[in-house]
Amino acid sequence: MSDDGEQLPPKTKLTTTKERWAGEGRFLTGRGAARESERLPPGQHLVRDWPVLDLGLKPDLSPQTWRLRMDGAVETPLSWSHADLMAQPQTESVSDIHCVTTWSRYDNRWNGVATSDLIAQLQLWPGARFVRLHSYDGYTTNLDLEDFLAEGAMLVHSWEGRPLTLDHGGPVRLVVPHLYFWKSAKWLKRIEFAVADKPGFWEVRGYHNRGDPWGEERYDE
Ligand SMILES: Nc1nc2c(c(=O)[nH]1)N[C@H]1C(S)=C(S)[C@@H](COP(=O)(O)O)O[C@H]1N2
Ligand SMILES: [Mo]
């Protein structure tokens, strides 16, 4: 359950700027909205194109080289190749993206494996309550087990009927549609189940630990 020796990505201008915004509470409206009544969360605006946002370290991955490890607070760790992933029960789901930098994009059609189907392949320790996502670019983020298993949460390999591009985290990324998009780890490498929570890359840089868009959980208080 220790860190697997991943190198911390170097500071970029974007990283520095976003860290400063977190400190200033940039984009907060203080409005709040009822999840059921409003589809667009407070402080968000709609975009048509799908922006690319990451640390700028695009890993050299293909379906042939990609592997996913599932370990930590589980009885028996698992490792999947891309073919293993494709052999799992497949799910299609349409959901919205909400990025903390205020853009939202409606109606993204995803194909992949639901996290609820993935978990059926594992025997978790009774105390396992958290999930740490590790990516091939060194990125990390953290989720409650409940959020990881929420409706619509899935390991995605295709978007709009086509294989997910490398820019958007292909061959396989996580999508957790009910939280801000920084929780949706691109280039997924390892899913670590854990007894204790541990903040990830943005969470240690001032972002909220959970990131509910309707509660405007952008930054740490
Ligand atoms: N591996 C990895 N995953 C990541 C990131 C990253 O830098 N590395 N950035 C996060 C952030 S801040 C956002 S907004 C989304 C952007 O996904 P997109 O480029 O497909 O729009 O990916 C999230 N997942
Ligand atoms: Mo983001």
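Which count do you get for residues in the range 81-113 that are of a type in the set (Val, Ile, Thr) and either within 16 Å of ligand 2 (Cβ to nearest atom) or modelled with pLDDT under 95 (or both)?
Here the count works out to 4.
Take the conditions modelled with pLDDT of 95 or more and under 22 Å from Glu92 (Cβ atoms) and apply them to Arg162. Does it pass?
Working: modelled with pLDDT of 95 or more: yes; under 22 Å from Glu92 (Cβ atoms): yes.
Answer is yes for this residue.
I want to confirm something. Restricting to the range 132-169 and keeping residues that are crowded, with 21+ Cβ neighbours inside 10 Å and farther than 23 Å from Gly211 by Cα, which single residue is nearest to ligand 1 (Cβ to nearest atom)?
Result: Leu164.
Filter the range 74-101 down to the residues that are within 11 Å of ligand 1 (Cβ to nearest atom) and touching a strand residue (DSSP E or B) at 6+ places or on another chain (Cβ under 6 Å) and list them by number.
Within the range 74-101, Ile97, His98 meet the criteria.
Please work out if Asn209 is more than 14 Å from ligand 1 (Cβ to nearest atom), in contact with a helix residue (DSSP H, G or I) (Cβ under 7 Å, 6 or more places away or on another chain) and modelled with pLDDT of 95 or more.
yes
If only one of Asp96, Asp107, Asp84 is acidic (Asp, Glu) and crowded, with 17+ Cβ neighbours inside 10 Å, which one is it?
Only one candidate qualifies: Asp96.
Scan the range 115-123 and give yes if some residue there is within 15 Å of ligand 1 (Cβ to nearest atom), in contact with a strand residue (DSSP E or B) (Cβ under 7 Å, 6 or more places away or on another chain) and modelled with pLDDT of 95 or more, otherwise no.
Residues of the range 115-123 that are within 15 Å of ligand 1 (Cβ to nearest atom), as a first pass: none.
Looking for residues that are within 15 Å of ligand 1 (Cβ to nearest atom), in contact with a strand residue (DSSP E or B) (Cβ under 7 Å, 6 or more places away or on another chain) and modelled with pLDDT of 95 or more, one finds none in the range 115-123, hence no.
Find all pairs meeting these conditions: Cβ atoms under 8 angstrom apart; at least six residues apart or on different chains; first residue within the range 42-67 and closer than 18 Å to Lys186 by Cβ and open to solvent by 50 Å² or more (accessible area, probe 1.4 Å); second residue more than 16 Å from ligand 2 (Cβ to nearest atom) and charged (D, E, K, R).
Partner pairs satisfying both residue conditions: Arg67/Lys189.
The values are calculated or read from the model by the stated rules, or taken from the named source; none is laboratory data. Because the structure is predicted, anything quoted here is derived from the model rather than measured. All Cβ positions, glycine included, derive from the backbone under ideal geometry; neighbour counts span all protein chains shown. Ligands, DNA and RNA are stripped out before the accessible areas are found, and what is left, the full protein with its side chains, is counted by its heavy atoms. Shrake-Rupley method; radii C 1.70, N 1.55, O 1.52, S 1.80 Å.
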